RNA sequence: GCGGGCGUGGCGGAAUUGGUAGACGCGCCGGAUUUAGGAUCCGGUGGGCACUGCCCGUGGAGGUUCAAGUCCUCUCGCCCGCACCA
């Protein structure tokens, strides 16, 4: 709207006063929450019945809801309404992922405290939720920053700790210099902090980890269950992330240290070609090995330089190979040869053994290194006996140079001969969960000088997050400043001890929230197994693909641990996953800095929530990214206007009756093609909308089908004869109520209103309309006629016409006849209900 | 480099099993209404032409088929994921 005489657009000239104008701003508040109340009751699960669980990823309360949320939650809402009305008992909860950096950073920026900022944001978001009319069971609402939730996050931490799945270790970690905290591997994207984009540094620190690597194989194996139910690319991303590779672990003996250094290799068959050996700069034996060689200084300098490299530079494969000779050799166990030991930063400390046997003839990196430092290259495998392949020859097939055995067999022999072992290696590392930040769940352990790390007993939970005055990240947790809070008696020996001051990664909070929804008020446990087993796993999970290796991997890991603890009866949390595409504006992600944000609430005020909900889904296929178009939303609003006029027009028909009616029967309609066309339009819409909302999840085409049906009805009503039959009016009424019923998941407010206009009560609890093929059966069908595959005409034939009749009719068509002029028939293809193709040749 | 996805009107997109390409919507054009503009409603709208009709048309080139946006081969372009992982 260019000017703003009105904030709400009402339907002008709708009716010359015969029925009220469509004014969403008036109508929507009236209906808001009506179905919500009804659905809280129905989400109580009847005994022994399996519930349906529809879940969308919960929002992070760092601001108001954006268009992405609108799309996400509307999709979930559409599915929820549809499944409820199809007879399922559906759980559809919502909450807030409210611990974490954004709220804390916002607090630091505005000078508020994280708790107040978070609670304020939640209130804002709740206004958004309220205005969009999603049917959510708010009695199950949770917020991960509230003690009644994080108490159980801590409780679960203690169970992990008991199992040895939560532990501390010294290790090189990812450090974000801006956020002043460590990060998990999953939160480092291309060497940058996932949150703020700073270049991540490596630091050696003592931190808390979850032993997700124990579950690497299960995480991989159970994906079989998700095949076809999760987007392929998410499964692929997780597979890549876990990075399983099969190979062998082989020990190399070093005589000066009299120590064996192990390496992992996927190519044990090439062992004879190992002409040198490389340690990561961080390898613990680098120091001892170098001592007394005269190379100490050069090696130490090299290691220092490597430590200063950012992870982007370090992992850049384009970089020239660098390295330094240690001055020592090591014995190749395959042939007893002494080969030089180098240190190079292309060997990563935390993959495999942090050391490798270099086979330049059959590995590109080793080859490049050998070239750079003039090291020997020896062929140990060839594609065909006697052939000198171009080096490096990296294909995993061929035969050994020595003996000519196929490489698979050669690998077995060699591994056995050198006392190695076939092993599996994973790229996945343990999940670093401690953060040196204030706004997170406190880790429920104490550090005692005598007893070490001591977990708190369950009855000491929750460990409340203390109030502090300074949230600034300073490289150690702001909690350390709360001295009274830190000082505590050791639960074991009662001497003075210190609380753990790091907090947990927010992804810990969101790794089990879907379980808490099932049993949100439980005061004795995070959830009751029996209750959770009835709802879980989530039947339909919806969210952004950005969580493919973060939240979605962590939640799977948690579920497996809980399964092994007998706390849940399933191993996968999300039976079906849908990842929705993002909404862009002007070709870019909406963001404050670009100033291209389209806020939902002003659009709700101007067009109505129903229009906005419908439009975000009409924009395109839900799994694809879509470009927000300001001009487009008006078209969706016009559709609802048209529907409004059509339904009111139908309600005013005398012959239509004043209540919700049953469909006219097929027999009744037999002699009234006008009425029949309307009922057929209704059933065509039922078929498409049901299919599109259900199995296909193509909401844009469902909406198109509803527009089509509305256009059909509107047109027919406009052309309705003065003396139209009572049957035609009943057909109109059936079509109007069918569209109203089908549009309800998308536009629940207007649907609820129109349903009452048609004499009904609560459309949200009406059974979902049933499709009946019988109404689509026609007496005559229109067939396309092709001659040699080219469209030449159309014919109308009786639906039960046989091939001969069809062909005769086709030949009779003027244009077809012209095309057949002087041609010899070759063959004819008749596709029932579709087309007839006459194949001819000149003659 | 490896893996996955996608290329269809001016735009977003539709075509579910190989069967009338362009549903639905935006935009645009015309009409009605209006003092005018906007809004609203109705109609038209892939391109070309010797325009009652014909030809071309789903990134490009081939192929299979009675029939290809859809299947196959090659190729170009874009997007996403992974990548010094031994």
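The values are calculated or read from the model by the stated rules, or taken from the named source; none is laboratory data. Every value quoted in this text rests on a predicted model; they were computed, and no experiment measured them. Neighbour counts are summed over all protein chains in view; Cβ atoms, including those assigned to glycine, are modelled from backbone coordinates with ideal geometry.
For region A:329-348, a residue qualifies if it is more than 7 Å from RNA strand B (Cβ to nearest atom) and closer than 23 Å to residue A:305 by Cβ, and the qualifying residues are A:340, A:341, A:342, A:343, A:344.
Yes or no, residue by residue, for (1) under 45 Å from the mean Cα position of the chain (by Cα); (2) more than 20 Å from residue A:339 (Cα to Cα); (3) in a loop (DSSP other than H, G, I, E, B); (4) more than 10 Å from RNA strand B (Cβ to nearest atom):
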{"residue": "A:234", "(1), (2), (3), (4)": "yes, yes, no, no"}
{"residue": "A:237", "(1), (2), (3), (4)": "yes, yes, no, no"}
{"residue": "A:240", "(1), (2), (3), (4)": "yes, yes, no, no"}
{"residue": "A:251", "(1), (2), (3), (4)": "yes, no, no, yes"}
{"residue": "A:257", "(1), (2), (3), (4)": "no, no, yes, yes"}
{"residue": "A:269", "(1), (2), (3), (4)": "yes, no, no, yes"}
{"residue": "A:284", "(1), (2), (3), (4)": "yes, no, yes, yes"}
{"residue": "A:297", "(1), (2), (3), (4)": "no, yes, no, yes"}
{"residue": "A:301", "(1), (2), (3), (4)": "yes, yes, no, yes"}
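Do you know which residues across region A:619-633 are within 6 Å of RNA strand B (Cβ to nearest atom) and in contact (Cβ under 8 Å) with a residue 24 or more places away in the chain? Matches in region A:619-633: A:619, A:620, A:621, A:624, A:626, A:627.
State whether the residues of region A:774-785 include one that is over 40 Å from the mean Cα position of the chain (by Cα), crowded, with 19+ Cβ neighbours inside 10 Å and within 15 Å of RNA strand B (Cβ to nearest atom). Yes, the conditions are met somewhere in region A:774-785.
Close Cβ contacts (under 7 Å, 6 or more residues apart or on different chains) running from residues in region A:12-39 that are under 30 Å from residue A:140 (Cα atoms) and part of a loop (DSSP other than H, G, I, E, B) to residues that are modelled with pLDDT of 90 or more and away from RNA strand B (no atom under 14 Å from the Cβ) comprise A:32/A:130; A:32/A:133. Only residues that are crowded, with 21+ Cβ neighbours inside 10 Å, within 15 Å of RNA strand B (Cβ to nearest atom) and part of a loop (DSSP other than H, G, I, E, B): list them for region A:569-618, please. The one that is crowded, with 21+ Cβ neighbours inside 10 Å, within 15 Å of RNA strand B (Cβ to nearest atom) and part of a loop (DSSP other than H, G, I, E, B): A:608.
Residues in region A:703-733 that are near RNA strand B (Cβ under 9 Å from one of its atoms) and buried (at least 19 other Cβ atoms within 10 Å of the Cβ): A:703, A:705, A:706, A:707, A:710, A:712. In region A:663-707, of all residues being part of a loop (DSSP other than H, G, I, E, B) and touching a residue at least 12 places away in the same chain (Cβ under 8 Å), the one that is nearest to residue A:633 (Cα to Cα) corresponds to A:698. The residues on offer are A:334, A:317, A:361, and the sole one that is part of a loop (DSSP other than H, G, I, E, B), under 23 Å from residue A:266 (Cα atoms) and touching a helix residue (DSSP H, G or I) at 6+ places or on another chain (Cβ under 7 Å) is A:334. Being free of Cβ contacts under 8 Å to residues at least 40 places away in the same chain, surrounded by 15 or more Cβ atoms within 10 Å (Cβ to Cβ), within 16 Å of RNA strand B (Cβ to nearest atom) and part of a strand (DSSP E or B) is a condition met by at least one residue of region A:810-823.
Among A:142, A:220, A:132, A:183, which is the only one that is in contact (Cβ under 8 Å) with a residue 12 or more places away in the chain, crowded, with 19+ Cβ neighbours inside 10 Å and out of contact with any strand residue (DSSP E or B) (no Cβ under 7 Å at 6 or more places or on another chain)? The match here is A:132. As for region A:790-799, it holds at least one residue that is loosely packed, with under 13 Cβ neighbours inside 10 Å, farther than 30 Å from residue A:90 by Cα and more than 8 Å from RNA strand B (Cβ to nearest atom).
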